[in-house]
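Below is one structure, written out as structure tokens; the observations come after it.
The values are calculated or read from the model by the stated rules, or taken from the named source; none is laboratory data. Since we're looking at a predicted model, the values are computed, not measured. A quick note on method: Cβ atoms are made from the backbone with ideal geometry, for glycine too, and the neighbour counts reach across all protein chains shown. Surface accessibility is based on the protein's heavy atoms, side chains included, excluding ligands, DNA and RNA. Shrake-Rupley method; radii C 1.70, N 1.55, O 1.52, S 1.80 Å.
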Amino acid sequence: MKNINEIALALSNACGLPKEDVAALIEVPADTKNGDYAFPCFRLAKQFRKAPNIIAEEIASKLEKPDFISKVETVGAYINFYADKSIFVKEILEEILDKGGDYVLSNQGEGKTVVLDYSSPNIAKPFHIGHLRSTAIGNALYNIYTALGYKCVGINHLGDWGTQFGKLIVAYKMWGNKEAVEKDDIKELSRIYVKFHEEAEKDPSLNDEARSWLVKMQEGDEEALSLWKWFCDISMLEFNRIYKRLGVTFDSYAGESFYNDKMQAVVEEIREKGLLTESKGAQIVDLEPYNMPPCLILRSDGGTLYPTRDISAAIYRKETYDFEKCIYITALDQNLHFAQWFKVIELMGYDWSDKLVHVPFGLVSLGDGKLSTRKGHVVLMEDILNSSVEKTRSIIENKNPDLENKDQVAEQVGIGAIIFDDLYNSRIKNVVFDLEKMLSFEGETGPYAQYTYARACSIIRKQDVSIDKNADFNLVTDEASVNVCRKLKEFPEKFKEAAQKNEPYLVTRHIIAICQAFNKFYTENNISSSDEATKKARLALVYCVKEAIKKGLNVIGLQAPEQM
Ligand code: ARG
């Protein structure tokens with residue numbers, strides 16, 4: 001940015017146009033053969049009433065080039081700027097030598113709060129792959145916003161209230177027992193829950209019974225509530241095991257039940273604002289003028305619904321956190337739900353309705369089907385994590401049998417691979433869950449990035465050279481080295497772009513770009529047999545790469561083991 005500003009200033013002095021307008025036209029060519037920055041003159045033709053190539057010549061002849069530019073060249077309508085490589089390399093490497101991986105941080109979000117609602121699984125139902133996506137994306141965004149200086153509030157909006165509990169209580173009373181639930185927690189709860197659905201097909205009166213238990217819960221019946229509480233605790237055991245392995249934490253676990261005592265007032269407010277209408281006994285907000293089906297607020301029996309809880313939660317969050325943005329990370333199939341209740345918030349007259357952001361993601365399909373058949377139709381997240389870790393363990397056993405703490409590394413790599421894969425593409429793309437592919441040490445994978453990091457660590461470990469700014473950075477101005485520096489330099493921008501678009505893949509992909517540039521550098525530049533001065537400069541570069549990769553991996557939610 002600083003560089004573009006300086007070039008814009010020089011151009012503006014030479015051609016008389018405002019600096020901001022000039023800056024907006026400056027390009028960063030993909031191929032650096034055409035310079036590091038380019039200024040196309042096509043748009044100036046009208047104003048100057050001359051052919052663009054003549055304008056380019058004229059501006060270039062008057063231009064006073066900034067110090068960090070070594071050469072200015074006109075090619076047709078373009079003015080190309082070549083950065084002085086040694087200045088460029090020195091600047092970025094010195095910055096990283098000073099700050100380490102924290103060079104990616106910025107303060108753009110200072111004083112602003114971002115609320116992120118992610119993971120949010122439903123109690124008593126298994127944590128499935130969709131929740132994993134929400135968890136991984138949410139956690140990465142949390143870290144990205146934090147890196148940009150925002151205060152983040154991570155909320156796990158647990159699905160801990162609603163019709164499933166009435167069913168579960170019936171199921172538990174009919175086919176469950178305490179020991180089995182305590183032993184197998186979520187597996188047992190989902191077993192009886194599935195059984196309820198099978199049995200209710202044959203005997204619909206079970207549904208009535210379930211409904212009456214839900215009513216009891218709502219009325220504060222002691223037995224109903226203590227069972228409900230127990231089911232919640234049991235589910236949390238499983239969820240917490242998973243979060244621990246994923247390295248994910250939350251600032252709040254205020255789930256749907258948290259809003260039980262807050263909804264009445266909100267429903268009243270919606271009514272007072274004249275938005276509530278009756279439809280087949282239920283209370284709704286008509287959204288026909290906005291081409292959407294109505295938003296359901298109260299069921300005919302007076303019970304609240306998913307949107308009622310979300311509306312109440314948004315109002316509560318605005319009051320509690322005064323957010324700049326409140327982000328909801330869920331599967332694409334909830335698009336309508338969010339569009340509907342965001343509209344209700346707007347109709348209620350809240351001017352912050354545009355600060356609510358739904359961040360949807362595509363579906364996950366289980367490619368090889370192996371994972372899906374093993375446990376019937378329920379794919380348990382823990383089984384998936386386990387099988388990835390097991391596979392990784394055997395790869396390590398093959399590649400590096402002498403590695404210390406193999407189990408720990410297998411966990412870090414096996415779990416990291418899944419998170420990385422999840423964050424490698426634009427969210428909205430459907431992903432095929434393919435363990436084989438995500439665990440490959442070559443290709444664009446978590447293990448590849450972690451392996452590159454470990455390699456950088458090992459290069460540094462092997463040399464007895466102090467790493468500091470007293471290196472001669474002229475010695476790392478070959479194309480491969482400069483290219484690594486370019487990637488390092490671009491990294492902080494990727495965080496900003498990722499936050500702006502709520503797309504962690506922009507960071508993930510750039511980690512790979514750094515790794516690839518580094519691996520090319522490493523093939524082309526020998527380190528151990530180079531002279532002392534060159535070795536020192538190259539090691540400084542290796543160190544900076546190592547810091548950048550580690551920071552990147554940590555931000556998207558992966559560990560960076562130093563050996564693997
Ligand atoms: N519990 C929901 C589910 O599993 C996701 C909740 C998302 N967050 C929200 N505030 N609606 O599908």
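Its Cα gyration tensor gives segment 409-564 an equivalent ellipsoid, and the semi-axes of that ellipsoid, as √(5λ) in whole Å with the largest first, are 29, 17, 12.
Taking every protein chain into account, the 1.4 Å probe leaves CYS515 with about 0 Å² of accessible area, to the nearest ten. Cross-link reach is defined here as a Cα-Cα straight distance under 23 Å, omitting same-chain residues fewer than 8 places apart; for LYS216 the lysines meeting it are LYS125, LYS167, LYS173, LYS178, LYS195, LYS229, LYS262. Spatially, segment 400-454 and segment 231-296 are offset by 35 Å when compared through their Cα centroids. Computed with a 1.4 Å probe over protein heavy atoms only, the accessible area of HIS131 comes to about 20 Å².
What does the charge count around TRP213 come to, taking other residues whose C-beta lies under 12 Å from its C-beta (Lys +1, Arg +1, Asp -1, Glu -1)?
So the surrounding residues net to -1.
Find out how many positive minus negative residues lie around ALA456, taking Lys and Arg as positive, Asp and Glu as negative, among other residues whose Cβ is under 12 Å from that of ALA456.
Numbers: positive: ARG455, ARG461, LYS462, ARG538, LYS546, LYS550; negative: GLU547, GLU562.
Net local charge, ALA456 excluded: +4.
The slack between GLU179 and THR277, meaning 0.36 nm per residue of separation minus the straight C-alpha distance, is 30.5 nm. The separation of segment 166-206 from segment 331-358, counted between C-alpha centres, amounts to 35 Å. Rg over Rh for segment 1-113 works out to 1.06, using Cα positions for both radii and the Kirkwood form for Rh.
Give me the aspartates and glutamates in straight-line cross-link reach of LYS469: C-alpha distance below 18 Å, same-chain residues under 8 apart excluded. Candidates past the 8-residue exclusion: GLU91, GLU94, GLU95, ASP98, ASP102, ASP531, GLU532, GLU547.
Does anyone have the angle between helix 263-272 and the longest principal axis of the chain? Alpha-carbon axes, 0 to 90°, nearest 10? Once rounded, the angle reads 80 degrees. Give, to the nearest whole percent, the P(r) tail of the chain beyond 34 angstrom, counting all Cα pairs. Percentage above 34 Å: 52.
Once divided by 2.2 N^0.38 Å, the Cα radius of gyration of segment 286-431 becomes 1.48. Applying a DSSP loop filter and a limit of 13 other Cβ atoms within 10 Å to the trypsin sites (Lys or Arg not before Pro) in segment 282-325 leaves nothing. When Rg and the Kirkwood radius Rh are both evaluated on Cα atoms of segment 267-371, their ratio Rg/Rh stands at 1.05.
Counting other Cβ atoms within 10 Å, which trypsin sites (Lys or Arg not before Pro) in segment 1-94 have at most 15 and lie in a DSSP loop? Intermediate values should be presented prior to the final figure.
Values: sites: LYS2, LYS19, LYS33, ARG43, LYS46, ARG49, LYS50, LYS62, LYS71, LYS85, LYS90; in loops: ARG49, LYS50.
Within segment 1-94, the qualifying trypsin sites (Lys or Arg not before Pro) (loop, at most 15 other Cβ atoms within 10 Å) are ARG49, LYS50.
Using heavy atoms of the protein chains and a probe of 1.4 Å, the accessible area assigned to HIS337 is about 30 Å².
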